[in-house]
Ligand SMILES: [Zn+2]
């Protein structure tokens, strides 16, 4: 394992949020009992080295996710701002602050992570993290049904690679716009220092628009949307401006060339955008709404056009056999935006029948049904009372399961043992999203705190003692599977990017050679381990959502 993890083992014993806590927030550290035998803990001021709080560790937990015997040090009652260390039986934890707005800088950094992913323009995050304009020239691939060149229209590089994929853009952009609608107080004045800063849009919406413009550019005249724009295969670990492979608009290879999931995702996101951008740029909002309507009509007329990579293409597939949930999402968002009955009718007729159990889980790129249900229930429009009640009930039931898991987990996260998959940190982020939506339906401080437990887990309260966000916390990971971080000649990675996190299933050569341990340990800070340590826009998006809630 690389340096950061070795350090983590050395400091071990005490694990907490490395960004600290707000004075009024819950504050719980996990203590690994193999490293400590006494049950008393102290919180000491770093500047004075005096004891400001004493307590006893909680009950012993045999934590299945880590295999550790753990106990909780709860110091929520300490509300005085300052910088502290936790001490148990001679072990000293890392310093952490108790401060007003402890997650403000993290929110800005995670959102600026999207700016760093921009394609088609020069990027400069400061500190040497920059590149000139990239991937300006594109072309229609033969599989798209069209030919000839296409000019670049923006978008974010998807992940560690330089591809752009509509389906993954859909959930990412949708999640970010949802954060805007639910937590405007945290985002309206967020300063991102991007080229558009000072313009008519708030910085947050300006950054999101960069990707919306690209999504719009992949919509054909008939309303359908091509699946992705990538080279035919991945380039090496080089800077984006050095990638000279043609950036192709890629289709299904046969009529109608566009795909249902991509088209319905665009329809859903553009319907949200019409609401968000209306107050600032009515013309753009109208463009988004028109694109949403056209996309919806196309998707409903072509409900089953799935995508798999054509033979000559080996970039990400984002193939999804089921596009019903994408159409459900587009229908619900269009109804929320317009109130028109055709959209509501399509949504309601696709819901499980009355009497059938409605199950709601956290969303991900291939399952956007939760977003459909939640936008319907959160809409100010009256809607169908019984459908709304079923959605509310199913969401609160799912939130209850997550809260119970968090109580049982030694490190407080909401992950089931089976959730330690590729991108498990985003599963945790999306489970927080579920809890935060549930909190909108039935305000509950405990649900908000459980949602924050996943933030604590991601930035330090885990068995590795690592912060899984680059350049955040005292012990951040350092070697993401991310081409610019590898190729820029700077030791530290690009800031504000979330690692995929522990993955018990493996999926790359490095991961597959690791010794099998309980799932939370199945992570390595190695650039080659893409199944554990890649970054991706659909992982950063729920992180931004969670941080927006934490700052609201
Ligand atoms: Zn690019």
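Kindly evaluate residue 358 against the criterion of being modelled with pLDDT of 95 or more and crowded, with 24+ Cβ neighbours inside 10 Å.
No: the conditions fail for residue 358.
Quick check on segment 185-196. Is at least one of its residues buried (at least 16 other Cβ atoms within 10 Å of the Cβ), away from the ligand (no atom under 16 Å from the Cβ), in a helix (DSSP H, G or I) and modelled with pLDDT of 95 or more?
yes
For segment 126-145, give me the residue count where each residue is crowded, with 18+ Cβ neighbours inside 10 Å and either closer than 30 Å to residue 480 by Cβ or within 13 Å of the ligand (Cβ to nearest atom) (or both).
6
Return only the number of the condition from (1) under 24 Å from residue 431 (Cα atoms); (2) touching a helix residue (DSSP H, G or I) at 6+ places or on another chain (Cβ under 6 Å) that residue 526 does not satisfy.
Just one mismatch for residue 526, condition (1).
Determine if segment 503-519 includes at least one residue that is closer than 21 Å to residue 106 by Cα and out of contact with any strand residue (DSSP E or B) (no Cβ under 8 Å at 6 or more places or on another chain).
no
List pairs: first in segment 47-61 and within 25 Å of residue 408 (Cα to Cα), second loosely packed, with under 10 Cβ neighbours inside 10 Å, Cβ under 9 Å, 6+ apart or cross-chain?
Sorted first by the residue in segment 47-61, then by its partner, the pairs are 55/77.
Could you go through segment 371-381 and let me know if any residue there is more than 28 Å from residue 169 (Cβ to Cβ), buried (at least 20 other Cβ atoms within 10 Å of the Cβ) and at pLDDT 95 or above.
Looking through segment 371-381, none of the residues is more than 28 Å from residue 169 (Cβ to Cβ), buried (at least 20 other Cβ atoms within 10 Å of the Cβ) and at pLDDT 95 or above.
Would you point out which residue out of 505, 528 is more than 30 Å from residue 123 (Cα to Cα) and modelled with pLDDT of 95 or more?
505
If residue 534 satisfies all but one of (1) crowded, with 18+ Cβ neighbours inside 10 Å; (2) within 29 Å of residue 62 (Cβ to Cβ), what's the number of the condition it fails?
Condition (2) is where residue 534 drops out.
Can residue 241 be described as over 21 Å from residue 323 (Cβ atoms), at pLDDT 95 or above and touching a strand residue (DSSP E or B) at 6+ places or on another chain (Cβ under 7 Å)?
yes
Being away from the ligand (no atom under 16 Å from the Cβ) and in contact with a helix residue (DSSP H, G or I) (Cβ under 8 Å, 6 or more places away or on another chain) is true for just one of 160, 154, 199, 148. Which residue is that?
Criteria check complete, one pass: 199.
Which condition does residue 110 not pass, out of (1) surrounded by fewer than 17 Cβ atoms within 10 Å (Cβ to Cβ); (2) under 30 Å from residue 519 (Cα atoms); (3) touching a residue at least 40 places away in the same chain (Cβ under 8 Å), if it passes all the others?
(1)
Can you pull out every residue in segment 203-224 that is outside any helix (DSSP H, G or I) and surrounded by fewer than 22 Cβ atoms within 10 Å (Cβ to Cβ)?
Residues satisfying the conditions are 220, 221, 222.
Which residue is farthest from residue 366 (Cα to Cα), if the candidates are limited to segment 203-260 and must be free of Cβ contacts under 8 Å to residues at least 12 places away in the same chain and away from the ligand (no atom under 16 Å from the Cβ)?
For segment 203-260, the residue satisfying everything is 221.
Those residues that are part of a strand (DSSP E or B), away from the ligand (no atom under 16 Å from the Cβ) and within 30 Å of the chain's Cα centre (by Cα), I need them from segment 89-125; list them, please.
Listed by number, the residues that qualify are 96, 97, 98.
The values are calculated or read from the model by the stated rules, or taken from the named source; none is laboratory data. Remember, it's a predicted structure, so these values are computed and weren't measured experimentally. As a convention, Cβ positions derive from the backbone with ideal geometry for all residues, glycine included, and neighbour counts pool all protein chains shown.
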